[in-house]
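Inspection log for the structure reproduced underneath, given as structure tokens.
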Amino acid sequence: MMDRTVTGAIPYAHERSGTDRRRPGSVRIAAVGDFHCGQDDVGVYRELFARANDEADVLVLTGDLTRWGAVAEFNVVVGELADVTVPIVAVLGNHDYESGQVAEGTRVLRGRGVHLLCGDSFELNASVGFAGVKGFMGGFGRGMLTPFGEPETKAFVTATLNEVHALELALRRLSTPVRIAVLHYAPISGTIAGEPEAIHPFLGTDRLAEPLDRYAAAAAFHGHAHSGTLRGTTLGGVPVFNVSLPLLRKDKPGAMYFLYDTSPDLAAPAKAVSVG
Ligand SMILES: [Fe+2]
Ligand SMILES: [Fe+2]
């Protein structure tokens, strides 16, 4: 049988292959983004997604579910998810906005029962909850865009800060000891390494990492950087995973998702981190 899991050389304690025995009380997350369903993709992912029923407790989708954001494509996505019986948590990506049909697409996904998070939170059980936003771009470190000068520049940065604020509120809303963040854009530069440096500012911003550290997220998953790096860590030590499907398949052809185990005893204690 084709190995659809991705386990790499860096031994994060709570990553697991699909064949590992699960620890009692653990929750196994299958996470993937950027499968970009088009109208001609009917049946391409259906069986692969259905395998998550046996291998995971929840399926997390990190955006760019469609190519152009057309309602017809959102319907294809729902069709590909038809056999998935575990809960599905998702955020949208920039491609899902392209056709201006987000409202209808959202209805299609939520009509299927997908927990589509746009600054919302979802508690899977008493232990594990998800906070999700699309996020936005803006750059990293000293290259971060600041709200100086023209109104257009300020509006751009405000759009980023609105996403950061929405993520913060969604994390704060969770009462679970394990808080998982779901994003489309990258919250750290570590997981976009491998992409051309010229486009780094358009792949995310580390402004999104501040709430992850402040609220001691157990892990964060994102997509968008198709040629990035699977694993990274925020300044505060939160593990971040780029689960873009093209990236997962570069490591393992035929992969459909990244598997990650988490449980309450793995939750990091609350900690404050200053970001200068
Ligand atoms: Fe994408
Ligand atoms: Fe994207």
Check your understanding: Under a 5 Å amide H to amide H cut-off, with H placed in plane at 1.01 Å, what residues pair with Ser263 once short-range neighbours are removed?
Key -> Val27
Study note, to complete from the structure: Dividing the alpha-carbon radius of gyration of segment 114-252 by 2.2 N^0.38 Å, where N counts its residues, gives 1.01
Exercise for review: Could you work out how far apart the two model spin labels at Asp54 and Gln39 are, taking each label as a point 7 Å from the Cα in the direction of the beta carbon, and quote it in nm?
Suggested key: 3.5 nm
Point to revise | Dipole of segment 27-263 [Lys/Arg +1, Asp/Glu -1 at C-beta], most positive-end residue of Val157, Ala220, Val128 | key: Val128
Practice item. Determine the gain in length on full extension of the stretch Asp251-Cys118; use 0.36 nm per residue of separation and subtract their C-alpha separation, reporting nm with one decimal. Key: 44.9 nm
Exercise for review: Rounded to whole Å and ordered largest first, report the semi-axes of the equivalent ellipsoid of the chain derived from its Cα gyration tensor (root of 5λ).
Suggested key: 26, 23, 18
Revision key, fill the gap. Rounded to the nearest Å, the spacing of the alpha-carbon centers of segment 186-224 and segment 102-124 is 23 Å
Check your understanding: Counting each DSSP H run of 4 or more residues in the chain as -39500 (n - 2.57), what helix-only mean residue ellipticity at 222 nm follows after dividing by all residues, to the nearest 500 deg cm²/dmol?
Key -> -6500 deg cm²/dmol
Revision key, fill the gap. Residue by residue through segment 88-101, the couplings from Karplus 6.51 cos²θ - 1.76 cosθ + 1.60 with θ = phi - 60°, in Hz, x for Gly and Pro, are 10, 10, 8, 10, 8, x, 4, 4, 6, 9, 4, 8, x, 10
Practice item. Estimate the FRET efficiency between Thr233 and Asn125 by the formula 1/(1 + (r/R0)^6), using the beta-carbon distance for r and 22 Å for R0, to the nearest 0.05. Key: 0.25
Study note, to complete from the structure: Once the in-chain neighbours fewer than 8 apart are removed, the aspartates and glutamates whose Cα is under 19 Å from Lys154 read Glu163, Asp206
Check your understanding: When the chain is treated as a GNM, springs tying every alpha-carbon pair under 10 Å, which of Asp120, Asp206, Asp41 comes out with the largest mean-square fluctuation?
Key -> Asp41
Exercise for review: Could you check the simple spin-label distance between Leu161 and Ala72, using points 7 Å along Cα→Cβ, in nm with one decimal?
Suggested key: 4.2 nm
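Throughout, read-outs are computed from the coordinates displayed, never taken from laboratory work. It should be emphasised that the depicted structure is a prediction, and the values quoted were computed from it without experimental measurement. Backbone-built Cβ (ideal geometry, glycine too); neighbour counts: all protein chains shown.
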